[in-house]
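Working notes for the structure below.
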Amino acid sequence: MLIIVDSTLRDGEQSAGLAFSTGEKIQVGKLLDALGVDVIEAGIPAMGRVEQEAISALIHAGLRAEVTSWNRMHPADIKASLECGIRLLHLSAPVSDIHLEHKLRCSRSWVLGQMREMVAFAQSSGCRVSVGAEDASRADPAFLRAYALAAEEVGVERLRLCDTLGILDPFKTYEMVRSVVEWVNIDVEIHAHNDFGMAAANTLAALRAGARAASVTVNGIGERAGNAGLQEVIRAARQFFGLKRGYDANIMDQLQSLVRALSYREFPEVKEAIRCQTPVRW
């Protein structure tokens with residue numbers, strides 16, 4: 001079964017010049033829930049009070065979908081999420097040497113130790129945890145394996161592999177994800193960026209390789225060139241992988257239009273086939 005993790009309200013909001021209000025986040029969240037996505041990544045509580053209030057409001061909006069937050073491997077981030085009422089918490093850390101050296105200025109062993117400690121802290125506070133491997137596409141496979149095994153050992157329920165710079169192609173994506181799926185017995189999630197226009201294709205390659213979760217955004221909005229588009233991934237998964245779950249195309253159309261208006265970004269005309277050639281239920 002495919003798990004759809006929608007990050008419109010987190011990574012989508014990292015588009016240049018975009019900031020959703022609390023009311024806008026609730027509007028988008030309710031439509032995502034009505035569509036049937038499994039997880040809504042609502043934001044980053046460590047950003048401050050306004051973000052925390054928006055996430056808390058979404059948690060208390062009576063949604064069926066689970067609401068999660070994005071956090072660094074830091075106690076203050078976890079505490080901010082807990083104060084919002086988060087119960088499914090995402091912790092993320094870089095796994096490539098270039099990020100470890102120049103972004104965190106730390107060692108591989110420190111990251112492994114910090115991940116174990118922060119996961120335990122979140123779990124002891126009553127949270128279920130997913131863990132992200134930032135810049136996994138540039139990581140040493142040996143260290144990526146160590147990170148994945150450590151995540152499994154401490155009991156996380158899902159491991160997110162991030163192509164942070166959008167440098168993968170579908171073939172390399174398949175190889176990376178297939179390796180990780182063979183290393184661990186936990187759900188693997190793919191988070192692709194669209195710098196070379198292949199985010200959706202890379203997401204499908206990851207699903208073919210055994211990933212069970214796809215991180216997507218409405219209209220593909222996101223940092224730099226954006227992310228894998230929710231519409232494209234769902235439609236393609238139904239066409240190529242036999243996804244049976246139905247998605248209401250009318251709700252998808254409302255989502256598409258709402259996010260287009262809120263983000264001040266036109267949906268490319270070439271993409272319109274995703275909407276107008278779709279039957280009422282996908």
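In the range 243-262, how many residues are farther than 23 Å from LEU207 by Cα and modelled with pLDDT under 90?
0
Condition test on VAL111, is it of a type in the set (A, V, I, L, M), at pLDDT 95 or above and in contact with a Gly (Cβ under 8 Å, 6 or more places away or on another chain)? Explain how you work it out, then say what you get.
Numbers: of a type in the set (A, V, I, L, M): yes; at pLDDT 95 or above: yes; in contact with a Gly (Cβ under 8 Å, 6 or more places away or on another chain): no.
Against the criterion (of a type in the set (A, V, I, L, M), at pLDDT 95 or above and in contact with a Gly (Cβ under 8 Å, 6 or more places away or on another chain)), VAL111 does not qualify.
Under the condition of being in contact with an Asp or Glu (Cβ under 9 Å, 6 or more places away or on another chain) and in a helix (DSSP H, G or I), which residue from the range 81-99 is surrounded by the most Cβ atoms within 10 Å (Cβ to Cβ)?
Filtering the range 81-99 for residues that are in contact with an Asp or Glu (Cβ under 9 Å, 6 or more places away or on another chain) and in a helix (DSSP H, G or I), the one surrounded by the most Cβ atoms within 10 Å (Cβ to Cβ) comes out as CYS84.
Return the residues of the range 20-43 that are assigned to a loop (DSSP other than H, G, I, E, B) and under 24 Å from LEU82 (Cβ atoms); say none if nothing qualifies. Even if it seems obvious, please write down each step before you answer.
Here is the first cut: in the range 20-43, the residues assigned to a loop (DSSP other than H, G, I, E, B) are 20-21, 36-38, 42-43.
Within the range 20-43, PHE20, SER21, VAL37, ASP38, ALA42, GLY43 qualify.
Give the number of residues within the range 264-282 that are in a helix (DSSP H, G or I) and either among the hydrophobic types (A, V, I, L, M, F, W, C) or modelled with pLDDT of 90 or more (or both).
From the range 264-282, those in a helix (DSSP H, G or I) are 269-271, 273-276; that's our starting set.
Those still in the list that are either among the hydrophobic types (A, V, I, L, M, F, W, C) or modelled with pLDDT of 90 or more (or both) too: 270, 273-274, 276.
Going through the range 264-282 one residue at a time, the tally reaches 4.
Of the residues that sit in the range 201-234 and are touching a residue at least 40 places away in the same chain (Cβ under 8 Å) and β-branched (Val, Ile, Thr), which one is nearest to VAL188 (Cα to Cα)?
The residue in question is VAL216.
Exactly one of these conditions fails for MET73: (1) more than 18 Å from VAL154 (Cβ to Cβ); (2) touching a helix residue (DSSP H, G or I) at 6+ places or on another chain (Cβ under 7 Å); (3) not aromatic (Phe, Trp, Tyr). Give me its number.
(1)
In the list ILE190, ILE234, which residue meets the criterion of being surrounded by 24 or more Cβ atoms within 10 Å (Cβ to Cβ) and touching a Phe, Trp or Tyr at 6+ places or on another chain (Cβ under 6 Å)? Don't jump to the end; show me each part of the working.
On the way: ILE190 fails: touching a Phe, Trp or Tyr at 6+ places or on another chain (Cβ under 6 Å).
When all the criteria are applied, what remains is ILE234.
Taking the range 12-53 on its own, how many of its residues are crowded, with 24+ Cβ neighbours inside 10 Å and either touching a His at 6+ places or on another chain (Cβ under 8 Å) or among the small types (Gly, Ala, Ser) (or both)?
Going through the range 12-53 one residue at a time, the tally reaches 5.
The values are calculated or read from the model by the stated rules, or taken from the named source; none is laboratory data. The shown structure was predicted, so the numbers you read here are calculated from the model rather than taken from an experiment. Here Cβ is always computed from backbone atoms with ideal geometry, including for glycine, and neighbour counts include all displayed protein chains.
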